[in-house]
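S.K.: I'd like to ask you about the structure that follows.
Every number here is computed from the coordinates shown, using simple stated rules; none is lab data. Note that this is a predicted model, so its numbers are computed, not measured. Glycine also receives a Cβ, built like all others from the backbone with ideal geometry; neighbour counts cover every protein chain displayed.
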Amino acid sequence: MSLDGRYDADNIFAKIIRGEIPCVKVFEDDQVLVFMDVFPQARGHMLVISKTSQARNLLEAEAKTLGRLIGATQKAAAAVVAALKPDGVVVTQFNGAPAGQTVFHLHFHVIPRYEGEGLGRHGEGGMANVEDLKALAAKISAAL
Ligand code: 5GP
């Protein structure tokens, strides 16, 4: 999907927000949801999304939405650093399929990095064990 187009209300993150498909939550309020990426590129990989905006990407996002999202992204990054003690943390965000975007509901990736451990390829990792994700999410949310 290019940068042009319309928001698809049946995209996977919209379904997660509506509770139609499960996710492992780390944090949520009335505006934002932080949950574990089920195909993690590293241990503790999280996604930060707006629960109210229909922006598909950064270019479409309202300033207020961006403010809430980046605030939640910072909060998630601080919590994962405190909980899992990575050596670094990467924040990424993709706009349009040619840029690597696969889900067309604006989101930020928060990916901890560990010295000596390579980063899994974006969109090509295996599916994580849900119990492992729940344990990680509990640890991270306890550090919020
Ligand atoms: P994008 O490629 O659009 O930047 O990122 C989409 C992300 O969503 C990918 O990292 C992918 O692993 C993740 N993802 C795709 N489907 C699901 C799902 O059903 N549940 C969760 N938790 N993550 C998903």
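S.K.: Counting only residues that are buried (at least 21 other Cβ atoms within 10 Å of the Cβ) and free of Cβ contacts under 8 Å to residues at least 60 places away in the same chain, give me the strands (runs of 3 or more DSSP E) lying completely in region 5-57 with at least 1 of them. Even if it seems obvious, please write down each step before you answer.
M.R.: Values: elements: 25-28, 32-36, 46-50.
Here the list reads 32-36, 46-50.
S.K.: For region 88-111, check the following and say yes or no: at least one residue is touching an Asp or Glu at 6+ places or on another chain (Cβ under 9 Å), farther than 18 Å from I49 by Cα and more than 9 Å from the ligand (Cβ to nearest atom).
M.R.: Yes, because at least one residue in region 88-111 is touching an Asp or Glu at 6+ places or on another chain (Cβ under 9 Å), farther than 18 Å from I49 by Cα and more than 9 Å from the ligand (Cβ to nearest atom).
S.K.: In region 9-40, what count of residues is obtained for those that are touching a Lys or Arg at 6+ places or on another chain (Cβ under 8 Å), under 13 Å from Q54 (Cα atoms) and away from the ligand (no atom under 12 Å from the Cβ)?
M.R.: The number of residues fulfilling the criteria is 2.
S.K.: So which residues in region 1-56 are of a type in the set (G, A, S) and touching a strand residue (DSSP E or B) at 6+ places or on another chain (Cβ under 8 Å)? Spell out the reasoning first.
M.R.: First, the residues of region 1-56 that are of a type in the set (G, A, S): 2, 5, 9, 14, 19, 42, 44, 50, 53, 55.
Once the filter is applied, which keeps residues that are of a type in the set (G, A, S) and touching a strand residue (DSSP E or B) at 6+ places or on another chain (Cβ under 8 Å), region 1-56 yields A42, G44, S50.
S.K.: I've got another one for you. I'm checking my understanding of the structure. Among residues of region 101-123 that are loosely packed, with under 12 Cβ neighbours inside 10 Å and touching a residue at least 24 places away in the same chain (Cβ under 8 Å), which one is nearest to H45 (Cα to Cα)?
M.R.: Filtering region 101-123 for residues that are loosely packed, with under 12 Cβ neighbours inside 10 Å and touching a residue at least 24 places away in the same chain (Cβ under 8 Å), the one nearest to H45 (Cα to Cα) comes out as R121.
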